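Presented below is the structure to which this report refers.
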Amino acid sequence: MTTPAGFSPVVAGSASTDTAPPQTPKNVPHRGGSANPSGDALRQRFGTAVMRVDVMWGETTVVVENARLFEIVQWLHDDPAQRYDALADVTGVEFRDAELPIEVVWHLRSLPYRRFLRLKVLIEKGQPLVVPSVWSIYKGADWLERECYDMFGIKFEGHPDLRRLLMWEQYKEGFPLRKDFPVRGRFSRSEQLRQALAANPETRYSMNELSIADAYEDLPEDMRRRLNKGEKVGE
Amino acid sequence: MGLSPRPEPHVVTHGGEPWMATRLDFLVNWSRANSLWPMPFGTACCAIEFMASAANKYDLARFGMERMSFSARQADVLICAGRVPFKLAPVLRRIWQQMPQPKWCISMGACASSGNGIFDNYAVVQGIDTIIPVDVYVPGCPPRPEGLIYGIMLLQKKIMNERSSDETLRREMEPDPRSQLYIPPEAIDEMSENFGNSVHQKRSTL
């Protein structure tokens, strides 16, 4: 089988020198156990920016400083001894205990080394919910960060298009997964319905996405003017 | 209401040929009730049961629903199968407005009918009857195909009892000109081409 030029497939485990058979889930201890070597490597490389390395159920969690998170992810992605080439998830955690900080969590996976690493940033209550965006490293972070912003209100600095993803863009009630958000929302049902029905589902499409975009130049002048003003075409 | 019972068609023989005399309402309703084209609006697990109803074992084609009408313009009955989040509410209402009269709506399952209790949260519409008029509610979570078929047969009964003289039946829910959903009819015609069999048929005057 030939591969096209410029394309090198990532073979899972190809860089790993670990020959020990994988442990069955039953033999993985709750706490402790063999840590991901990336945890120690991070400690050596970044020193005090790595605040804690935990191993729980065989998975390594590294708590890092917010200010150096982008640098750390960049290094994990680029370093030939780490090669974390997949971003599995970006999410947030808020605890019911009001004194505990809000956590922002990144799940990284290294296919060549068969490693999994969880990065956490702790944001104390009262501090601005701003973390760096990793979109310029992993393009897949785009919607993950938008969802996290939509549900928790965490701002990702450097994201190219940080809009709401699940709720509609004019949603005014707040961030639904925060603990201070009532489960039925803040407004009355009729007000929620009125706002939802007032939303125009087509505003999210640009001219280029509409089917008439090709014919735009052929349209009469007044119609082009109306479309430029933001008038929508229905259908 | 003083509705008279539905008359049986009278078959008479005239000149050796059998003739049938009936009310026009009966004939129209009979043909409408037995050729309902559904617009499937499936959003959740109810849609799986709906697909099962349409497949060979339960075979909705027996009820004149041979063809799923994925274009709202050719549909007769909107079957809303599944929960409707608020983000989908304007879409559902617009699809309903695009369906030509006569049209009916079946709300399939507990979520579409009432929000289902467990979805009593910030994101889900508590019953599609807050958005569009509903003719038949099918309970269940999700309803089995037998349940949906029973709802369809109820709708057919309802259609058979309709009177063309009853103007309230076809009262259209006009879009509010102040809402962003409203598109003036002349704008619709300007942007869309003629369609259908006639060059005079326009989108705005369906």
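A few remarks follow.
- Listed residues A:85, A:150, A:218, most fluctuating in chain A (Gaussian network, C-alpha, under 10 Å): A:218
- Local electrostatic count, residue A:54, Cβ distance below 12 Å [Lys/Arg +1, Asp/Glu -1]: +3
- Within the shell of other residues whose beta carbon sits under 12 angstrom from the beta carbon of residue A:145, the net charge comes to -1, with Lys and Arg scored +1 and Asp and Glu -1.
- Applying 1/(1 + (r/R0)^6) with R0 = 51 Å to the Cβ-Cβ distance of residue A:194 and residue B:55 gives a FRET efficiency near 0.85.
- Size descriptor, Kirkwood hydrodynamic radius, that averages inverse alpha-carbon separations across the protein assembly as shown, Å: 27.1 Å
- Value of relative contact order over the stretch A:1-118, rounded to a whole percent, pairs C-alpha under 8 Å and six or more apart: 26 percent
- Translational diffusion coefficient (Stokes-Einstein; Kirkwood radius from C-alpha pairs) of the stretch A:1-76 at 4 °C, 1.567 mPa s, in µm²/s: 86 µm²/s
- The local environment of residue B:114, defined by Cβ-Cβ distances under 14 Å, has a net charge of 0 under the rule Lys, Arg +1 and Asp, Glu -1.
- CD proxy at 222 nm, helix term only [per DSSP H run n ≥ 4: -39500 (n - 2.57); per residue of the protein assembly as shown; nearest 500]: -7000 deg cm²/dmol
- The mean sequence distance of close C-alpha pairs (under 8 Å, at least 6 residues apart), as a share of the length of chain A, puts its relative contact order at 13 percent.
- Ranking of B:96, B:104, B:19 by count of other Cβ atoms within 10 Å, fewest first: B:19, B:96, B:104
- Shown here: the stretch A:10-126, whose C-alpha atoms stretch 47, 34, 24 Å along the first, second and third principal axes, sorted largest to smallest.
- Per-bin percent of Cα-Cα distances, the stretch B:41-146 [5 Å]: 3, 13, 24, 25, 20, 11, 4, 1
- When only alpha carbons are used to place a centre, the stretch A:12-48 and the stretch B:106-120 end up 47 Å from one another.
- Beyond 27 Å in Cα-Cα separation lie the following of the pairs A:139/A:179; A:229/B:87; A:139/A:229: A:139/A:179; A:139/A:229.
- Three-way shape label, chain A, alpha-carbon gyration tensor, a/c 1.5: oblate
- Charge dipole (Cα centre; +1 on Lys/Arg Cβ, -1 on Asp/Glu Cβ; no other charges) of chain A amounts to roughly 760 debye.
Every read-out reported here was derived from the displayed coordinates using simple, explicitly stated rules and does not represent laboratory data. Note that the structure is a prediction, hence the values are computed from the model and not measured. In this analysis, Cβ positions are derived from the backbone assuming ideal geometry, glycine residues included, and neighbour counts consider all displayed protein chains.
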